[in-house]
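Since the structure comes first, as structure tokens, the remarks are kept for the end.
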Amino acid sequence: MKVLVTVGIFPPDIGGPATFVPKITKYLQDELNHEIEILTLSDHKNLNIKHDLSVYKIDRNLPIIYRWLKTILTIYKLGKDKDLIFVNGLGTETTIANIILKKKIIRKIVGDPVWERAFNKAKTNTIFDDFQKENFGLSISLQKKIRNYSIKNTDIVVTPSQHLKNFILELGYKNKIEVINNGVNIPKENSKIFKQDQINVTVVSRLVKHKNIEKIIEAVLDFNNPLIKLKIIGEGPELDRLKSISLKSKTEDDIIFFGNLNREDINHIYLKSDIYIQASNYEGLPHSLIEAMSFGISVLCTPVGECIEILGNEERGYILDLPVSKDNIKLKIAEIISDKNLAYIKSQKGKDFIFKKYNSTNTFSQYKDLFTKQLQKESK
């Protein structure tokens, strides 16, 4: 079967889709012998392409109307000989191109881009669920209508969580929905948690407003403790502002911005991490959280999406309050440091839980079943 995969971000960018798409496309090629082509947006000169993947790039920095039209045209050109389009981003552009293509679409939904854009542009400060119920001006209302139309014109929706499935159902979607958890490769080594002289706090994230990285930086600065170090992996529109906030640190290595790193380098930092923080206003099922837990790291997360289920009501980690504040983050970090033995027990329970429920073998097996069924339908 010939498949076109569309995605908004791709390595070296950091983010769930950028982690997921290279893995699943390699698996579909190797296990099912599918012919895969990928279309993405990027502002990097070179993409981090492995495993002989065929990837087409459109410059994210093009004027928005021109970029939008070019993306639609490229999807049309690449999609003409495909049996199926697997959407992991660029959903609206794919829907428009598919008016003519009329291809079967499987769409993975990990959040709401309308809410994310509105929040990051300070057009709303409401949480994900409340945003769906509120009335807004013409611009956001129109974006919601386009989003709903795009989703309803999808043959199969895949979500990584029950919460997102409920969100899709509330939009009036009538076709098939599959819940397939995100999965990670379980590392052979554990993090050397609390076995170093200093406390290493790690964040792996796109640097956008709703991730609340600013609050994490302020909490670490508030400790005024040279033994607490913050490592931030990722890039995004908030980078310069966050760096300016970090300048309040008394020493240069208290807060380090690594930018986008490859998978091996990220894993190396995980191995030396004690605490991982996910302070987002919304997540579906965050890849980086379950990655950190798979290394046996002590984790903090906001009670959004599937995070409460993952952490088991603090059986396997620590839950932050909403709205996110530096004081609450600082309080939770102090709680971990004051009882490292309890934090270690929770982290090991978390690692075991991820191994059982969120390992990539289970995830890929479910995608194999999904795509195999589609192949069988196409061959009839």
Need the C-alpha centroid separation for the range 71-100 versus the range 109-148, integer Å. 24
How many lysine pairs in the range 1-120, separated by 8 or more positions in sequence or lying on different chains, have Cα atoms less than 14 Å apart? 19
Residue order, fewest to most surrounding Cβ atoms within 10 angstrom, among Arg206, Arg147: Arg147, Arg206
Least to most buried among Ile146, Ile180, Ile106, by other C-beta atoms within 10 Å and fewest first, runs Ile146, Ile180, Ile106
In whole angstrom, the spacing between the Cα centers of the range 242-289 and the range 28-69 equals 26
Is the C-alpha gyration tensor of the range 99-165 telling us rounded, prolate or oblate? Criteria: a/c under 1.5 is rounded; beyond that, a/b larger than b/c is prolate, otherwise oblate. oblate
For the range 55-164, run through the GluC sites (Glu not before Pro) and keep only the ones in DSSP coil with at most 14 other Cβ atoms within 10 Å of their Cβ. Glu134
Quick one: dipole size for the chain, taken about the Cα centre, charges +1 on Lys/Arg Cβ and -1 on Asp/Glu Cβ, in debye to the nearest 20. 1100
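Once you have a ≥ b ≥ c as the square roots of the Cα gyration tensor eigenvalues for the range 135-207, tell me rounded if a/c is under 1.5, and otherwise prolate or oblate according to whether a/b is larger than b/c.
It comes out oblate by the Cα gyration axes.
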Over 21 Å (Cα to Cα) - which of Lys231/Lys349; Lys176/Lys209; Lys250/Lys330; Lys209/Lys351; Lys123/Lys243 fall in this group: Lys231/Lys349; Lys176/Lys209; Lys209/Lys351; Lys123/Lys243
What size of dipole, in debye to the nearest 20, comes out for the range 289-356 about its Cα centre when the only charges are +1 on Lys and Arg C-beta atoms and -1 on Asp and Glu C-beta atoms? 220
Rounded if a/c is under 1.5, else prolate if a/b beats b/c, else oblate: with a ≥ b ≥ c from the C-alpha gyration tensor eigenvalues square-rooted, which is the range 199-357? rounded
Identify which of the listed values of Rg and Dmax of the Cα atoms in Å was calculated from the structure shown: [x] 57.6, 192; [y] 20.7, 68; [z] 25.2, 89. [y]
Where the centroid of each part is defined by its Cα atoms, how far is the range 298-362 from the range 159-201 in Å? 13
Among His210, Asn341, Asn225 the positive-end extreme of the charge dipole of the range 199-357 (Cβ point charges): Asn341
For the range 242-271, listing trypsin sites (Lys or Arg not before Pro) in a DSSP loop whose Cβ sees at most 10 other Cβ atoms within 10 Å gives Lys250
Specify which residue in the list Gly259, Val324, Pro303 is farthest towards the positive end of the charge dipole of the range 199-357, using unit charges on the beta carbon of Lys, Arg (+1) and Asp, Glu (-1), about the Cα centre. Gly259
With only helices counted (DSSP H, runs n ≥ 4, each -39500 (n - 2.57)), the per-residue ellipticity at 222 nm for the chain, to the nearest 500, works out to -14000 deg cm²/dmol
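Readers should treat all values here as calculations from the given coordinates under stated rules, not as data from a laboratory. Everything numeric in this text was worked out from a predicted model, so none of it was measured. Positions of Cβ are backbone-derived with ideal geometry, glycine not excepted, and every protein chain shown enters the neighbour counts.
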